[in-house]
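Here is the structure we will look at, set down as structure tokens.
The values are calculated or read from the model by the stated rules, or taken from the named source; none is laboratory data. All values reported here derive from a predicted model rather than from experimental measurement. When we count neighbours, we look across all protein chains shown, and the Cβ atoms used for this are built from the backbone with ideal geometry, even at glycine.
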Amino acid sequence: MIDLLKNKPLFIINIIFLALIIVFDICLMAIGEPYVFKTIASVLFVLCGLVNLIFIAKSKIERNKFYKYLMLIGLVFACLGDIFLIDGDTFIIGAALFAVGHVFFFVSYSLLYKPNWRDLIISLAIFAVALVVILVPQIFDFQGMLPVVLVYAFIISFMMGKAISNVFQKDYRAENIWIMIGSILFFLSDLMLLFDLFASNAEIFDILCLSLYYPAEFLLASSIYYANTKKVEMPAENAKNS
């Protein structure tokens with residue numbers, strides 16, 4: 001299990017970040033004004049990641065010293081993708097920024113556990129399901145964006161596939177589940193965005209997208225500390241006396 005209270009000051013800070021992100025997310029859904037509320041909410045999860053980076057760097061108990069940097073870079077690209085997606089005319093730029101962010105997430109997960117055949121099998125299975133959703137129902141009007149959507153689906157499938165695959169490792173299972181949940185929520189939010197932009201434009205899909213997306217980003221941001229903290233083994237003498 002993850003000990004969320006192992007660092008009480010960081011726990012309180014993360015709770016504050018989560019509350020603020022949710023508040024601005026709700027404002028975005030209720031009021032609109034994405035250039036204000038969406039930008040603020042997205043900058044907040046980057047700042048959350050930065051704070052977690054500072055705490056894990058000071059603790060000197062991290063599993064991989066490069067994980068925190070790659071995750072933070074991925075969060076920055078996601079934030080930039082959010083901003084560019086506000087304007088429909090810059091959709092391709094926004095999608096490209098998100099795709100680059102997913103590459104950084106995938107590489108960061110691979111630093112925790114080296115890529116293996118299970119990663120490939122799970123990722124390709126996810127991509128196959130994504131292809132079925134995208135191509136078979138024929139309910140989407142991609143307006144010439146289908147190649148962009150397919151490339152993006154391929155990249156995010158590998159990001160989520162690696163996160164799921166890592167859960168099968170024997171150690172740090174709870175920590176890997178933390179990352180997996182964030183990655184799955186990210187994937188599902190993009191699925192809702194797909195329906196929102198290219199299918200029905202129904203408001204429910206926009207609400208579902210935002211409801212899934214910001215919790216996902218918070219989990220990934222806080223994983224810089226909680227899912228990258230090395231377990232501290234008790235000395236044999238202390239273990240006997242406890």
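Observations on the model:
- Qualifying residue in the stretch 140-157 (condition: of a type outside the set (Lys, Arg), exposed (fewer than 15 other Cβ atoms within 10 Å of the Cβ), in contact (Cβ under 8 Å) with a residue 60 or more places away in the chain and farther than 30 Å from MET1 by Cβ): no
- Among the residues of the stretch 41-58, those that are closer than 16 Å to PHE77 by Cα and not aliphatic (A, V, I, L, M) comprise SER42, PHE45, CYS48, GLY49.
- Under the condition of being over 21 Å from PRO147 (Cβ atoms) and either buried (at least 21 other Cβ atoms within 10 Å of the Cβ) or in contact (Cβ under 8 Å) with a residue 60 or more places away in the chain (or both), the residues counted in the stretch 79-98 number 2.
- You will find that of VAL103, VAL51, VAL76, VAL46, the residue that is among the β-branched types (Val, Ile, Thr) and within 21 Å of MET145 (Cβ to Cβ) is VAL103 and no other.
- Here ILE31, ILE73, ILE26, ILE15 are screened, and the one residue that is more than 16 Å from the chain's Cα centre (by Cα) and either surrounded by 15 or more Cβ atoms within 10 Å (Cβ to Cβ) or of a type in the set (Gly, Ala, Ser) (or both) is ILE26.
- Candidates are the residues of the stretch 106-139 that are within 18 Å of LEU193 (Cα to Cα) and of a type outside the set (A, V, I, L, M); the one that is surrounded by the most Cβ atoms within 10 Å (Cβ to Cβ) is PHE127.
- Residue selected from the stretch 175-184 under the condition touching a residue at least 24 places away in the same chain (Cβ under 8 Å) and over 13 Å from SER222 (Cβ atoms), by the criterion surrounded by the most Cβ atoms within 10 Å (Cβ to Cβ): SER183
- Filtered by the rule that a residue be in a loop (DSSP other than H, G, I, E, B) and either modelled with pLDDT of 95 or more or of a type in the set (D, E, K, R) (or both), the stretch 1-59 gives ASP3, LYS6, GLU33.
- Taken together, the residues in the stretch 158-174 that are surrounded by 21 or more Cβ atoms within 10 Å (Cβ to Cβ) and at pLDDT below 95 amount to 1.
- Of the residues screened, PHE66 is not one that is free of Cβ contacts under 8 Å to residues at least 24 places away in the same chain and aromatic (Phe, Trp, Tyr).
- Residue among LEU112, LEU5 that is under 27 Å from LYS170 (Cβ atoms), free of Cβ contacts under 8 Å to residues at least 12 places away in the same chain and not basic (Lys, Arg): LEU5
Residue by residue, here is whether (1) touching a Leu at 6+ places or on another chain (Cβ under 7 Å); (2) closer than 27 Å to PHE66 by Cα; (3) assigned to a helix (DSSP H, G or I); (4) small (Gly, Ala, Ser) holds:
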{"position": "PHE106", "(1), (2), (3), (4)": "no, yes, yes, no"}
{"position": "SER110", "(1), (2), (3), (4)": "no, yes, yes, yes"}
{"position": "ARG118", "(1), (2), (3), (4)": "no, yes, yes, no"}
{"position": "ALA128", "(1), (2), (3), (4)": "no, no, yes, yes"}
{"position": "ILE139", "(1), (2), (3), (4)": "no, no, no, no"}
{"position": "PHE142", "(1), (2), (3), (4)": "no, no, no, no"}
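- Residue identified as in contact with an Asp or Glu (Cβ under 8 Å, 6 or more places away or on another chain), among the small types (Gly, Ala, Ser) and either part of a loop (DSSP other than H, G, I, E, B) or over 22 Å from ALA174 (Cα atoms) (or both) among GLY94, GLY81: GLY94
- Screening the candidates LEU194, LEU212 for the property of being out of contact with any Leu (no Cβ under 7 Å at 6 or more places or on another chain), closer than 30 Å to PHE140 by Cα and part of a helix (DSSP H, G or I) yields one hit, LEU194.
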